[in-house]
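Note sheet for the following structure.
The values are calculated or read from the model by the stated rules, or taken from the named source; none is laboratory data. Note that this is a predicted model, so its numbers are computed, not measured. Cβ: placed from backbone, ideal geometry, glycine included. Neighbour counts: every protein chain shown. The protein model used for the area step is the full one, side chains on, heavy atoms only, and it has no ligands, DNA or RNA in it. Shrake-Rupley method; radii C 1.70, N 1.55, O 1.52, S 1.80 Å.
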Amino acid sequence: MSTAIGGYFYYSSLKEYAFSDTYQAAEGRTKIAVDRISSKLTEYQKAARAAAGLKILQTSLTGKNKNSLAEVNTVLDNFRSSLDVDVCYLMDRDGNTIASSNRDAPDSFVDRNYSFRPYFRQAMAGSAAVYMALGVTSQKRGIYTSHPVYSAGADGPSGVFVIKASIGPIEKVFSRISDGIFLMTDPHGIIFASNRNEWLYHVLWKIPPEEASEIAKTQQFGEGPWGWTGITRKDADHAVDKSGVTYMVHQMEITNSPGWNFIYLWDIRAISEKLINPLLRTAGYIIMALCVVIGLSVFFLYRKANGDIIARRLAEDKLSAAYEELENRVTERTTDLNQANRQLKAEILERSRMEDALAENETKFRKLSQEFKALLDAIPDNIILQAKDFSVIWANHSAVMDLKMDTSSPDGHYCYTLRHERTSPCENCPVEKTFLTENPESAEIKTPDGRTWEMRTVPVKNDEGEVINVIKVVRNITEHRKLEEQLRHAQKMEAVGTLTGGIAHDFNNILTAIINYANLLKIKTKMDDPLLHYVDQILSITQRGANITQSLLAFSRKQVMTLRETDINRTIENAAKFLRRLIGETIELRIKCAGENLTVLADPNQIEQVLFNLATNARDAMPEGGILVVKTGNMEIEREFIRKHGFGLPGRYAMISVADNGAGMDEETVKKIFEPFFTTKETGKGTGLGLAISYGIVKQHNGYIKVHSGPGKGTVFKIYLPLINKKAEDLEHGETAPLPMGAETVLLAEDEAEVREAMRGILQEYGYAVIEAANGQDAVEKFMENRDRIHVLLLDMVMPGKNGREAYQEIKKISPDVKAVFMSGYAPDIINTGGILFDDSPTFLSKPVSPDVLLKTLRQVLEG
């Protein structure tokens, strides 16, 4: 009896302990799971709130355009990558998705409307939402975190920012639990996550049909139906399934997600089995021992009845006391073990959390370190970290390449050795200054290889404020300085060009007057008059003056190229006298023109400009004197020539060779000879533009220019221009047609009195009636007085008060069909810059204007 009673109390004690331990384990596991799930949801909520506050998201919802949406998509991509979630997307106030990080995926959210989703409606009502559902597009479970986006001046939310994360982090929490059934359910009791996959999307407790209909509208868990698990609630802590199995129920609400619960079901049979099996193994041996004792007792009772009864009673008392002592010891030991077990579990969980946090931080730090290093390596400037002894601690990729550092052995690298080829620090070293002053410093230096560097230094201090290292940023500004120098050259040349254009204008007006007066004199002089020779000389010299103005404009690059049939031999012969003056008396000029016809389509003035530039270079290459040879010839460029020299198109070409016996050039100089602003002359003695201009002129003529040179071997420039079959002499020596006469009235507007008087004389000599105007306003007034008589306008483009264009436009309002010829001593590009020329390109004459050009042009306009 005592044994049975002792066994019963022992069994009851063990059962109570087993259920208590199971309850505590379930409570601990449930709390840990809820804490981890809530922590993950909080992380998504914070990210959604931060994104919703970005200005680019707010402005893109009020003014949708491609640029703003492209920036929003970039932001969404960055959020998705940094949070390691499935999708980040932005919806407008109507529920349409306007931007998404999965925009290029087959299941893209862009242009889809999710206004029926509760997380959208809740956010548009002004509240953030956490919503777990089955994706409509992807059919995958996800955690949806939404937050309203407010735009400036908008009444209420203008849209909703949403993060969709995978259910993976929650299932990872479940994977840590090995016993029992765990479930995560929504406010309706639908199972969203579980270690029993067959229960997914089932209702844990029965729900009425109208509640199921409400769930279907949101499409939160698909279209349904949602079957029942068959479990019913017995009381707050117990439930039973269809087969009668009873479960211990432990339930806890998930923080930050109202209505969502984590539920832990533990089969009571499993608890009992854990208790009964060890008990049976222990009790079996006790029963066997008792049987032996009882048999011996009966035997003794048979032998010694009275004495044995007393001895048995004494033994029973001792056994009862032993059982009681044993039970007390077991209880105490069990309590100690339970406490130690709980402490051990708590330590294990805490260590697990610390290990997870440490691993996460290590991953974030490693990623940040890699991104920062990649960023520094992507910067083209040299970035170097130096110690107090000037040794290089770290350098980015650009610095390693520029300094040619051996990355396999970083020790022993010093900046003054690598960059300056020195054995000690440089004077005024900005790194040394930063160590001394503890302030940022800067300097500009040149290295032995001829490059210019800009250095900036920044101190790196420890917690005590002491400078322990210096960061040095070095930028190669060699090309920058060259560009500055080129800009100064260009500005100087622009100023010279502007001055030259103004001089040419005044000179052209003077020449126009001289040419017209000389022609009037020639008309008035008899053919046998000896004075006619002097008149012809005046006209010839005046033509040379006109050529000089054209050369000035070509120099200033303000002369439009005029192509015509040109005899190369004659062009060179005409330029010879100017070349002799240019090169000086210490250099002998030899002209060797080919005996055959060399006619090309060219602008003679531009070709002369090329010759002047080449002669100037040759003169500078022969400071002590020498020989300059200019010769012409023709040649056939064939495929073999093209293959050998690397340029040209098949055909016949006129060849101009300009050779000197000067100092010559090395191979590197020859490669750069035609580059703008490249010069071998001292500062202030060359612009570096002469050969570049020459190269451009030759290319405009569809020709080629090549140079052959060597140190001490002189230099030869060869120019190849395409030949044409027509002879220039055929044009130049044809019969001169008489100048056309006229009888119409011309309104002549010219502010220079001498030019106006000379042109009036020519026009009247050839039959025209002339009405003179001193400026544009005078021309308008004279036209209004004589509008029925005037047939054509002859207007100077640039006049004080009202220019020729303005006068013409005002007159055209009065008489829309009026005809006009414009003229100016300025180059066309200067006139156009001032807004004087017309879009329809009217008839324009450049001064000096000869009588034949003037009269022929007038007839063409009047008869056209």
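Applying 1/(1 + (r/R0)^6) with r as the Cβ-Cβ distance of Q370 and K206 and R0 = 45 angstrom yields a FRET efficiency of 0.25. For a straight C-alpha distance cut-off of 23 angstrom, the lysines reachable from K522 (same-chain residues fewer than eight places away being disregarded) are K847, K856.
Subtracting the Cα-Cα distance of K46 and D104 from their residue separation scaled by 0.36 nm leaves 18.2 nm.
Determine the share of the range 586-634's accessible area contributed by carbon and sulfur atoms, expressed in whole percent, with a 1.4 angstrom probe.
Details: 870 of 1920 Å².
Roughly 45 percent of what the probe reaches on the range 586-634 is carbon or sulfur.
Per-peptide packing, taken as the mean over residues of other Cβ atoms within 10 Å, places 663-671, 235-243, 614-622 in the sequence 614-622, 663-671, 235-243 from highest down. Which entries in K164/K242; K46/K367; K367/K472 show an alpha-carbon gap greater than 31 Å? Beyond 31 Å between Cα atoms: K164/K242.
Rounded to 0.05, the FRET efficiency of the R590 and F844 pair, given R0 = 41 Å and the Cβ-Cβ distance, is 0.50.
Go ahead and run the numbers for FRET between S657 and E624, Cβ-Cβ distance against an R0 of 25 Å, rounding to 0.05.
The formula returns an efficiency of 0.65 here.
Remind me, relative contact order of the range 347-400 in percent, using alpha carbon pairs under 8 angstrom and six or more residues apart?
Reported as a whole number, the value is 25 percent.
Taking amide H positions as modeled 1.01 Å from N, with prolines and chain starts lacking one, the residues under 5 Å from A769 and 5 or more places away or on another chain are E744, T745, V746. With a simple spin-label model that places each label point 7 Å from the Cα along the Cα-to-Cβ direction, the separation between A576 and A321 comes to 15.2 nm. Length gained on full extension, K404 to E667: 92.0 nm, using 0.36 nm per residue less the C-alpha separation.
Grab the other residues whose beta carbon is less than 13 angstrom from that of K522, score K and R as +1, D and E as -1, and report the net. Overall, the nearby charge balance is -2.
Per residue, the solvent-accessible area of the range 76-186 (1.4 Å probe, heavy atoms of protein chains only, all protein chains present) comes to 39 Å².
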